[in-house]
Amino acid sequence: MDYKRLIIRGISYSQTQSGAYALLLEHEETNVKLPIVIGNFEAQSISLGLEKDIHPPRPLTHDLFSKFVTSANFELTSVIIYQIVDGVFFSNLNFQHKETKNELILDARTSDAVAMAVRFDAPIYTTQQVLSEAGILLELEDVSKEEESPEIEEKEGDLSTLSNAEIQKLLDDAVREEDFDAALELQKEIKRRNKKIE
């Protein structure tokens, strides 16, 4: 089957479901976007998987499963979002044993599959049918504007008045308290400052 490779374009608050997030995937060649509604825990897990610099004090469920997969001498070779039924996406995790090359395919929720993919740097694919049914064309600039909430802008304004040492302490506290949303914002501020120094 001719699979279409997707890249992660971002995670934002869902405009349609309260307390949920929208994971935005994009087809590399056509720029067709695939928005998938996911829960708060999965959104945090995917964000932490993408931010390699932040490590929670205790492993999250996806970290634990990743460790188990690696310990069993398997690797995640790809994630395939193969179907959508009544707005629900269906995905497979494709594993391969490093020595025997035996393959193992597991059914998974798409949010869990993406959370695993970011931990293994595994490619994410879908079918043309899924793209046709659920894909949308929109300008990324519009999405980034929607994602910026006044709360985040206020936070960034407050952060700019703090010293680097104070920011680092806040980041350490946020990770220790498992407040990963705050930790990600603080990490972004540190990266922004480091870019200015360069």
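The GluC sites (Glu not before Pro) of the stretch 1-97 meeting both criteria, a DSSP state outside H, G, I, E and B (loop) and at most 13 other C-beta atoms within 10 angstrom of the site's C-beta, are GLU28, GLU29. The residue list GLY39, ASN73, THR110 was ranked by how far each Cα lies along the charge dipole of the stretch 3-137 toward its positive end, using unit charges on Cβ atoms, and ASN73 comes out on top. On full extension, the segment bounded by ASN73 and PHE41 gains 8.8 nm, given 0.36 nm per residue less the C-alpha separation. How many times 2.2 N^0.38 Å is the alpha carbon radius of gyration of the stretch 3-137? That works out to 1.04 for the stretch 3-137. Normalised Debye scattering of the stretch 33-90 at q = 0.25 Å⁻¹ gives log10 I(q)/I(0) of -1.19, counting only Cα atoms as equal scatterers and leaving out solvent. Under a model in which nothing but the beta-carbon of Lys, Arg (+1) and Asp, Glu (-1) is charged, the stretch 3-137 shows a dipole of about 140 debye around its Cα centre.
Net length available on complete extension from ASP107 to GLN129 is 6.0 nm, with 0.36 nm assigned per residue and the Cα-Cα distance removed. Between the residues THR100, THR61, ILE11, the greatest Cα displacement towards the positive end of the dipole of the stretch 3-137, with unit charges on the Cβ of Lys, Arg, Asp and Glu, is found for THR61.
Every read-out reported here was derived from the displayed coordinates using simple, explicitly stated rules and does not represent laboratory data. Just so we're clear, the structure is a prediction, and the values are computed from it rather than from any experiment. Using ideal geometry, Cβ is built from the backbone for each residue, glycine included, and neighbour counts are taken over all protein chains shown.
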